[in-house]
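First comes the structure, then the notes that go with it.
The values are calculated or read from the model by the stated rules, or taken from the named source; none is laboratory data. The shown structure was predicted, so the numbers you read here are calculated from the model rather than taken from an experiment. Here Cβ is always computed from backbone atoms with ideal geometry, including for glycine, and neighbour counts include all displayed protein chains. These accessible areas exclude ligands, DNA and RNA; they are computed on the full protein's heavy atoms, side chains included. Shrake-Rupley method; radii C 1.70, N 1.55, O 1.52, S 1.80 Å.
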Amino acid sequence: MVLSASPLLVLGSGAAEASRAPLAILFVFPILLGAWLGGPLAALAATLASAACAWWGLAPLQGAVASAGAGAWPAWLALVGSGLLISAMAWSVARTRRRERQYLREARASEALYRSVFEHAGVGIVVADGEARVIQANRKMGEILGRAPGELIGQTPASSTHPDDQANAMAQLGQVLRGDADSVTFEKRYLHPDGHVVWTQNTATRVIAAPGETGCFMAVIQDISARRQAQAERDLFSEAVRQASQPMLISDVQFIITYANPAFCALFGYRAEAVAGRPVASLTGPDQGDREQLLEISRALERTGHYSGEVSRLAGDGTVIPVANQIGPIRDAGGAVIAWVASYTDLRPVRAKDAQLRRLAAGLQQSPVSVMVTGLDADIEYVNDAFVRHTGHSRESVIGDNPRLLRSGRTARAVFDEMWAQLTQGRTWEGRLINRRRDGVEYVAATVISPLTDESGKPSGYLSVQEDITDRLRQEAELDQHRNRLTELVAQRTLLLDAANRSLVEREQFIRNIADAVPGLVGYVDRDLRCRFANAT
């Protein structure tokens with residue numbers, strides 16, 4: 001305002017005409033306008049243009065200058081100088097306004113950037129007031145809770161928090177609201193509208209409010225459900241390894257033992273803390289072959305990353321235990337091997353069972369009776385040496401064939417029907433079959449067929465034990481003939497003896513009757529003076 005009035009003061013001091021004030025105002029106005037709109041260059045141009053127009057276009061101004069003479073020029077120069085000074089000040093004001101507009105644009109861009117970051121952040125962001133009511137919530141927060149962000153405005157965390165986590169969550173937020181802590185981080189669960197639980201990690205930070213304003217806080221919520229699930233899977237795996245009945249050992253890439261489960265410790269007699277940190281090689285047996293096998297295992301792991309085979313491991317009491325060993329890698333997310341896991345199976349019971357089975361197999365193989373094993377479809381899977389000797393068929397020719405190759409055609413159909421009726425019900429059948437050898441000779445086989453079952457109790461085949469009883473039957477027939485002949489002879493001799501006995505009895509009775517009729521004493525005394533007979537008299 002002072003600079004705007006200075007041209008008027010200059011004119012008032014240089015001339016007394018009353019018409020000068022309006023001319024000065026008319027002269028200064030375009031200067032101010034040019035400076036305001038275009039800066040100093042436009043103001044200078046406007047000053048020169050105004051001066052020219054005032055000089056050449058306004059006769060009173062020329063007259064005033066002419067009447068004033070040379071003394072009026074300083075006033076007009078002062079007027080022009082004041083216009084330039086006003087132009088400079090106007091340019092400064094214009095520059096300040098441009099800066100303010102630039103700052104405003106930058107502030108709006110920063111706010112837009114903040115809003116974009118807020119809305120498109122990969123984590124949920126919530127701004128809440130001093131009473132924990134939501135003021136703002138971004139899109140990701142809505143996705144986590146399964147609700148539109150606008151629905152969260154005015155809500156408190158307790159509205160979606162799992163009931164079991166509400167007390168702890170409010171206690172954590174209370175530290176921030178009271179100013180006891182600038183920031184807190186904790187985990188809690190939210191209840192999704194579809195019923196599933198969302199695990200989150202929450203970081204609440206206190207926002208410093210201006211004096212007289214209510215404090216608030218900002219919370220960053222990260223969905224860690226996948227991480228929690230992965231952790232749960234890892235915990236489950238760790239617990240499964242710990243409780244597994246299979247002995248297991250974990251080592252690092254340098255084959256230093258890092259973990260041994262209880263089953264391993266029970267099998268080999270070690271304490272878990274005693275075996276941890278030891279090299280796997282310390283469990284190898286004392287034989288040189290065991291050491292060489294350890295090198296073979298290392299080379300196999302380098303080539304393929306896996307190993308499976310039988311090894312010997314040293315127990316805590318110094319005994320060597322044969323085990324079946326399987327080794328595999330544990331890899332990180334990038335596929336690099338970070339550890340090795342080995343499982344062991346005690347072979348001692350297996351080998352004892354194998355020895356028993358070998359003895360049983362040897363017994364079957366050396367049995368004097370024919371043994372045949374078939375599948376459920378009755379195809380022959382095994383025959384022993386006695387079968388080969390008794391039937392004349394080689395083992396190679398009958399494997400995969402059907403027992404029908406032994407049929408003679410003389411066994412009644414009813415026998416086979418009764419046999420299959422028993423077998424299909426899981427019962428053993430006993431009977432006789434008339435079979436034919438490879439050379440065509442028929443023989444009678446006393447046969448016992450039993451169903452075989454697998455470990456689950458399901459039928460897996462049939463075991464047939466046959467004994468050639470042709471000779472025995474012939475001998476029994478001959479014995480029966482002899483027995484019948486003897487029976488007939490005994491019967492004949494018995495008849496003759498009975499007839500002789502009856503004749504003797506009749507003669508004895510006749511003599512007794514005669515002796516009784518004699519009037520005197522009649523008797524018979526043997527050599528030992530014992531009386532054998534005396535008549536009635």
Next item on the list: State whether one or more residues within the stretch 454-470 are in contact with a Leu (Cβ under 9 Å, 6 or more places away or on another chain) and among the polar types (S, T, N, Q).
Entry: yes
Notebook entry, point to check: Which residues, counting only those in the stretch 308-340, are open to solvent by 40 Å² or more (accessible area, probe 1.4 Å) and closer than 29 Å to ARG234 by Cβ?
Noted result: SER308, GLN326, ILE330, ARG331, ASP332, ALA333, GLY334, ALA336, VAL337, ILE338
Notebook entry, point to check: ALA204 passes all but one of (1) aliphatic (A, V, I, L, M); (2) assigned to a strand (DSSP E or B); (3) within 20 Å of VAL341 (Cβ to Cβ); which number fails?
Noted result: (3)
Check: ILE338: within 30 Å of GLN254 (Cβ to Cβ) and aliphatic (A, V, I, L, M), yes or no?
Finding: yes
Notebook entry, point to check: In the stretch 359-404, which residues are open to solvent by 50 Å² or more (accessible area, probe 1.4 Å), in a helix (DSSP H, G or I) and closer than 23 Å to TRP420 by Cα?
Noted result: ARG404
Check: If you take the residues in the stretch 342-358 that are exposed (fewer than 12 other Cβ atoms within 10 Å of the Cβ) and of a type in the set (A, V, I, L, M, F, W, C), which one is farthest from SER298 (Cα to Cα)?
Finding: LEU357
Next item on the list: Would you confirm whether any residue within the stretch 245-259 is touching an Asp or Glu at 6+ places or on another chain (Cβ under 9 Å) and either of a type in the set (Lys, Arg) or open to solvent by less than 20 Å² (accessible area, probe 1.4 Å) (or both)?
Entry: yes
Next item on the list: Return yes when THR185 is of a type in the set (Val, Ile, Thr), open to solvent by less than 60 Å² (accessible area, probe 1.4 Å) and closer than 23 Å to GLU119 by Cα and no when it is not.
Entry: no
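Condition check ((1) of a type in the set (Phe, Trp, Tyr); (2) under 15 Å from LEU463 (Cβ atoms)) across all residues:
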{"site": "ARG351", "(1), (2)": "no, no"}
{"site": "GLN366", "(1), (2)": "no, no"}
{"site": "ALA378", "(1), (2)": "no, yes"}
{"site": "ARG395", "(1), (2)": "no, no"}
{"site": "VAL398", "(1), (2)": "no, no"}
{"site": "PHE416", "(1), (2)": "yes, no"}
Notebook entry, point to check: Within the stretch 222-246, restricting attention to residues that are touching a strand residue (DSSP E or B) at 6+ places or on another chain (Cβ under 6 Å), part of a helix (DSSP H, G or I) and modelled with pLDDT of 85 or more, which residue is farthest from VAL126 (Cα to Cα)?
Noted result: ARG228
Next item on the list: Collect the residues in the stretch 290-315 that are in contact with a strand residue (DSSP E or B) (Cβ under 9 Å, 6 or more places away or on another chain) and among the hydrophobic types (A, V, I, L, M, F, W, C), keeping them in residue-number order.
Entry: LEU294, ILE297, ALA300, LEU301, VAL311, LEU314, ALA315
Item checked: Pick from the stretch 420-461, criterion open to solvent by 30 Å² or more (accessible area, probe 1.4 Å) and within 18 Å of TYR382 (Cβ to Cβ), ranking: nearest to the chain's Cα centre (by Cα) -> ASP454
Checklist line | Of all residues in the stretch 462-504 being β-branched (Val, Ile, Thr) and outside any helix (DSSP H, G or I), the one that is least open to solvent (accessible area, probe 1.4 Å) | finding: ILE469
Note to self: Let me spell it out: the conditions are (1) modelled with pLDDT under 90; (2) polar (S, T, N, Q); (3) in contact with a Leu (Cβ under 7 Å, 6 or more places away or on another chain), and GLN366 meets all of them except one. Which number is the exception?
What the structure shows: (3)
Next item on the list: Mind listing just one residue for me: the one in the stretch 278-296 that is in contact with a helix residue (DSSP H, G or I) (Cβ under 9 Å, 6 or more places away or on another chain) and under 20 Å from PRO247 (Cα atoms) and, of those, modelled with the lowest pLDDT?
Entry: GLY285
Note to self: Tally up the residues in the stretch 108-128 that are open to solvent by less than 50 Å² (accessible area, probe 1.4 Å), outside any helix (DSSP H, G or I) and at pLDDT below 85, please.
What the structure shows: 1
Item checked: Condition met for ASP290 (of a type in the set (Asp, Glu) and surrounded by fewer than 14 Cβ atoms within 10 Å (Cβ to Cβ)) -> no
Notebook entry, point to check: Which ones in the stretch 232-273 are aromatic (Phe, Trp, Tyr) and either in contact with a Ser or Thr (Cβ under 7 Å, 6 or more places away or on another chain) or within 18 Å of ALA339 (Cα to Cα) (or both)?
Noted result: PHE237, PHE255, TYR259, PHE264
